[in-house]
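This report refers to the structure that appears directly beneath it.
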Amino acid sequence: MSWGTELWDQFDNLEKHTQWGIDILEKYIKFVKERTEIELSYAKQLRNLAKKYQPKKNSKEEEEYRYTACKAFLSTLNEMNDYAGQHEVISENMTSHITVELARYVQELKQERKSYFHDGRKAQQHIEICWKQLESSKRRFERDCKEADRAQQYFEKMDADINVTKADVEKARQQAQVRHQMAEDSRADYSSILQKFNHEQHEYYHTHIPNIFQKIQEMEERRIVRIGESMKTYAEVDRQVIPIIGKCLDEIVKAAESIDQKNDSQLVIEAYKSGFEPPGDIEFEDYTQPMKRTVSDNSLSNSREGKAELKFGGKSKGKLWPFIKKNKLMSLLTSPHQPPPPPPASSSPSAVPNGPQSPKQQKEPLSHRFNEFMTSKPKMHCFRSLKRGLSLKLGATPEDFSNLPPEQRRKKLQQKVDELNKEIQKEMDQRDAITKMKDVYLKNPQMGDPASLDHKLTEVSQNIEKLRLEAQKFEAWLAEVEGRLPARSDQARRQSGMYDAQNPATVNNCAQDRESSPDGSYTEEQSQESEVKVLATDFDDEFDDEEPLPAIGTCKALYTFEGQNEGTISVVEGETLYVIEEDKGDGWTRIRRNEEEEGYVPTSYVEVYLDKNAKGAKTYI
């Protein structure tokens, strides 16, 4: 069926219909465009989500990803990035294959439609002009006929009147002939114009309009086909990425199936194994003798006396802290009448004020020591010892990691040795590069002065020597822990002495009576102060799970501070951070950047703005 023959009189309706078709096409283009925006937004949100849960570099989270479950989760995050990439591909393909192409086609379609309807209006105007000419000639013919009829009647009237002169009659007759001639001319003109109009009208309704409407119909059908092809492309774009998305999902399933609970359990053992032997049976205790205890191979005891008496502060597996209520200890540590712990940049935690050491206390039964601790109030000197002991956590850890259990100490030492070996290799590579450059300068003096590299070469060699000495020191400690050496070798003692010489405060105040223990650490037979300090150090992990301190204000860094000591935090000039603990008089302020980063900075380096409504942060140690 053709529009030209069936819809010859529906010019205006066809014009509205074709405009509606273009509106539908533009609506579909808008739909696809919004879909591409949704795909891009979804891909961006997926990437941000994957990035949010990625482990942070140089943080505790990186250690957690040794476990297979965490590795599987990391693989899932990586696959989500690829998954998001496929949605970006969908958006890109829909934009290039549908949105851009259809937008160009719509512009062409509008121009084509405009051209066709312009031709149709032109044909309409022409037929209307012909019709007007026909009407004009028809009216003129009618008027001339009436005039000729009136002239004939007037002539007949004059001819019948005997009173009229012959000249008037002749004049009337001539006038009637002229009118008749004019009527005949109008009749001939009207007939000619009528034939012409009929011809034009036939051409208009049977040739021009059908041709124009046929072109419009073909244009509309092409539009319909084009929108159908675009819908197929819309589906194909999605279908093309389905295999890749399926691979992403398969990789996630594969990562989930790779989770090994036994391996994770073994990693937990390796991470937290202390190396101590379980404590032996506790013998019967009566009221006439102190409690005796069977000593295991790795339990700490007074080997000089050969008695199985338990030191409260020694590094024994039979620790009493798990039986002490945590809030009891926290109330002891967070007394509001005591100053906060010193900032991390203070002296070594083992350094105590020079003064007479407290005498060794008599060994007491375990139950007496336990009951006394649970019921009595802490003494001032005991609190100061605990504060110094806990500064081990906030300040510098002993270089030989003697505060750790044997197995953990071995791992830390091995890690330190590996790091030093990598640094040595790096320095050696740098030395080789400088040597090669010096050889090039010697062969080609115009490229540079060989003597200018001597200072750098000497500096690198000195660094290598220092790193080697450091590595030997840690290797000696590692050998001691692993049992390759029965006790600390002379070389290790000398190297330890070199380190102690750099920390005189530590040397002057460390314990005098040290005994070698199987785990490579030492039992310090000091005052009760030293015992409580070791106890606090061993169980500082008890407080790692405390909730973070509330912010009591903000601060702005006035200068850049490089927090190189453990417990401090680096800040950049102009940076804004949260204040969680004011300066208590020691020159340090405790701040927080985010949930993972907090520490001390010098008070003079920041400008503090305290919140007036804040109740103040509690001092958690």
Checklist outcome for this item: Simple SL model, points at 7 angstrom along Cα→Cβ for Q446 and E184; separation in nm is 11.8 nm
Checklist entry - D439: accessible area at probe 1.4 Å, nearest 10 Å²? => result 70 Å²
Checklist entry - Taking amide hydrogens as modeled 1.01 Å from N in the peptide plane, which residues meet the under 5 Å criterion relative to V606, leaving out close sequence neighbours? => result L558
Next on the checklist: As a quick test, which of the pairs K438/K473; K44/K71; K30/K122 have an alpha carbon distance above 26 angstrom in this structure?
Outcome noted: K438/K473; K30/K122
Checklist outcome for this item: Amide H proximity to T568 below 5 Å, modelled H, separation 5+ or other chain, gives Y600
Next on the checklist: Output wanted: per-residue J couplings in Hz (rounded whole) for region 198-213, from phi through Karplus 6.51 cos²θ - 1.76 cosθ + 1.60, θ = phi - 60°, x for Gly and Pro.
Outcome noted: 4, 5, 5, 5, 5, 5, 5, 7, 10, 10, 5, 4, x, 5, 5, 5
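Looking at this model, which pairs from K33/K114; K110/K215; K33/K232; K426/K456 are more than 23 angstrom apart at the alpha-carbon?
Violating the 23 Å limit, Cα to Cα: K33/K114.
For R239 and Y65, what does the FRET efficiency come to when R0 = 41 Å and r is the distance between their Cβ atoms, rounded to the nearest 0.05?
Numbers: r = 36 Å, r/R0 = 0.87.
Calculated value: 0.70.
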Checklist entry - Taking a threshold of 26 Å on the Cα-Cα distance, which of the pairs K16/K138; K51/K273; K52/K584; K52/K247; K262/K411 fall above it? => result K16/K138; K51/K273; K52/K584
Checklist entry - Can you list the HN-Hα couplings for region 98-108, worked out from phi with the Karplus curve (6.51, -1.76, 1.60; θ = phi - 60°), rounded to whole Hz and with x for Gly and Pro? => result 10, 4, 5, 5, 5, 4, 5, 5, 4, 5, 5
Item to check | Simple label model, 7 Å out from Cα along Cβ direction - K44 to A551, nm | outcome: 2.6 nm
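Solvent-accessible area per residue for region 87-203 at a 1.4 Å probe radius, Å²? Mind showing how you got there, number by number?
Numbers: 7940 Å² over 117 residues.
So region 87-203 comes to 68 Å² accessible per residue, rounded to a whole number.
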Checklist entry - Probe 1.4 Å, all protein chains in place: accessible area of R593 in Å², nearest 10? => result 70 Å²
Checklist outcome for this item: The distance between the Cα centres of region 162-224 and region 19-92, in whole Å, is 75 Å
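Tell me whether region 4-147 comes out rounded, prolate or oblate; compute the Cα gyration tensor, take square roots of the eigenvalues as a ≥ b ≥ c, and use a/c under 1.5 as the rounded threshold.
On the way: a/c = 7.63, a/b = 7.09, b/c = 1.07.
Prolate, because a/c is 1.5 or more and a/b exceeds b/c.
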Next on the checklist: Output wanted: per-residue J couplings in Hz (rounded whole) for region 172-178, from phi through Karplus 6.51 cos²θ - 1.76 cosθ + 1.60, θ = phi - 60°, x for Gly and Pro.
Outcome noted: 5, 5, 5, 5, 5, 5, 4
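Net charge within 13 Å of T36 by Cβ-Cβ distance, Lys/Arg positive one each and Asp/Glu negative one each, not counting T36 itself?
Working: positive: K30, K33, R35, K44; negative: E34, E37, E39, E88, E92, D238.
With Lys, Arg at +1 and Asp, Glu at -1, the neighbours total -2.
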Checklist entry - Among H87, H97, what's the order by accessible area (1.4 angstrom probe), most exposed first? => result H97, H87
Checklist outcome for this item: The simple spin-label model distance between S604 and K166, using points 7 Å out along Cα→Cβ, in nm, is 15.1 nm
Checklist entry - Which sequence of D250, D264 reflects their accessible areas, 1.4 Å probe, from the largest down? => result D250, D264
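The values are calculated or read from the model by the stated rules, or taken from the named source; none is laboratory data. Just so it is clear, the model here is predicted, and its values are computed rather than measured. Every residue, glycine as well, gets a Cβ built from its backbone with ideal geometry; the counts of neighbours run over all protein chains shown. Side chains are part of the model used for accessible areas, which takes the heavy atoms of the whole protein and leaves out ligands, DNA and RNA. Shrake-Rupley method; radii C 1.70, N 1.55, O 1.52, S 1.80 Å.
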